[in-house]
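Have a look at the structure that comes next, please.
The values are calculated or read from the model by the stated rules, or taken from the named source; none is laboratory data. This is a predicted model, so every value here is computed, not measured. All Cβ positions, even for glycine, are placed from backbone atoms using ideal geometry, and neighbour counts span all protein chains on display.
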Amino acid sequence: LGRLEEIKQSVRIVKQAVDAVKGIKGAVLSDYILGEYKEAASDIKGNFFRVFGNLVLPKGEWTTITEAGRGTLLFSIISDGESNVPYRVRVMTPCWMNLRGFMEALKGARYADFWAVYGSFGYFPPEADR
């Protein structure tokens, strides 16, 4: 039931956005806005590589977690301390971490229960299969 309520709320938000756009009067500013966006994006990209392109991490291993839309996202980096390219980078997505619980919840369930269990976990195969 929680997923259905999320979908209904998302539809309400989209309808509100469509109504807000319909109420806008005047000239379309998309060319002006996109022009600024392209310039800013190229500047950000240049600055990103200028600042982080030659960054060399100290030798060691780091692991951190952060909140994501479907759960916890885990980042793990291993660096040799010599190269600006880490030895290993691993990202564990929430769906991958929730997969074990999903499989446990299916034990002893009937085939007809599969979709209810699937929907309750919010499992997204392309996210887990990387």
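Mind listing whichever residues of the stretch 86-130 are surrounded by 14 or more Cβ atoms within 10 Å (Cβ to Cβ), touching a residue at least 12 places away in the same chain (Cβ under 8 Å) and in contact with a strand residue (DSSP E or B) (Cβ under 7 Å, 6 or more places away or on another chain)?
Within the stretch 86-130, P86, M92, T93, P94, M97, N98 qualify.
Tell me, yes or no, whether the stretch 18-29 has at least one residue that is surrounded by 10 or more Cβ atoms within 10 Å (Cβ to Cβ) and modelled with pLDDT under 75.
For the stretch 18-29, residues surrounded by 10 or more Cβ atoms within 10 Å (Cβ to Cβ) and modelled with pLDDT under 75: present.
Do you know which residues across the stretch 110-129 are hydrophobic (A, V, I, L, M, F, W, C), under 14 Å from the mean Cα position of the chain (by Cα) and within 17 Å of L4 (Cα to Cα)? So that I can check it myself, show each step before the final result.
Our first condition is that a residue be hydrophobic (A, V, I, L, M, F, W, C); within the stretch 110-129, this holds for 112, 114-117, 121, 124, 128.
Among the residues that remain, those that are also under 14 Å from the mean Cα position of the chain (by Cα) are: 124, 128.
Passing the criteria: only F124.
In the stretch 32-62, what count of residues is obtained for those that are in a strand (DSSP E or B) and either modelled with pLDDT under 65 or within 22 Å of the chain's Cα centre (by Cα) (or both)? Write out each step before concluding.
Filtering the stretch 32-62 down to residues in a strand (DSSP E or B) leaves 60-62.
The next check asks that each one be either modelled with pLDDT under 65 or within 22 Å of the chain's Cα centre (by Cα) (or both); those that pass are 62.
Total satisfying the criteria: 1.
Could you count how many residues in the stretch 109-130 are part of a loop (DSSP other than H, G, I, E, B) and at pLDDT below 85?
Narrowing the stretch 109-130 to residues part of a loop (DSSP other than H, G, I, E, B): 109-110, 122-124, 129-130.
Next cut, at pLDDT below 85 only: 122-124, 129-130.
Counting residues in the stretch 109-130 that are part of a loop (DSSP other than H, G, I, E, B) and at pLDDT below 85 gives 5.
Right, another one. Out of the stretch 63-85, which residues are part of a loop (DSSP other than H, G, I, E, B) and loosely packed, with under 15 Cβ neighbours inside 10 Å? Even if it seems obvious, please write down each step before you answer.
First pass over the stretch 63-85, keeping only residues part of a loop (DSSP other than H, G, I, E, B): 69-70, 80-85.
Answer for the stretch 63-85, where residues must be part of a loop (DSSP other than H, G, I, E, B) and loosely packed, with under 15 Cβ neighbours inside 10 Å: G69, D80, G81, E82, S83, N84, V85.
Tally time: how many residues in the stretch 91-108 are among the aromatic types (F, W, Y) and either out of contact with any Phe, Trp or Tyr (no Cβ under 6 Å at 6 or more places or on another chain) or assigned to a strand (DSSP E or B) (or both)? Write out each step before concluding.
From the stretch 91-108, those among the aromatic types (F, W, Y) are 96, 102; that's our starting set.
Those left that are additionally either out of contact with any Phe, Trp or Tyr (no Cβ under 6 Å at 6 or more places or on another chain) or assigned to a strand (DSSP E or B) (or both): 96.
Going through the stretch 91-108 one residue at a time, the tally reaches 1.
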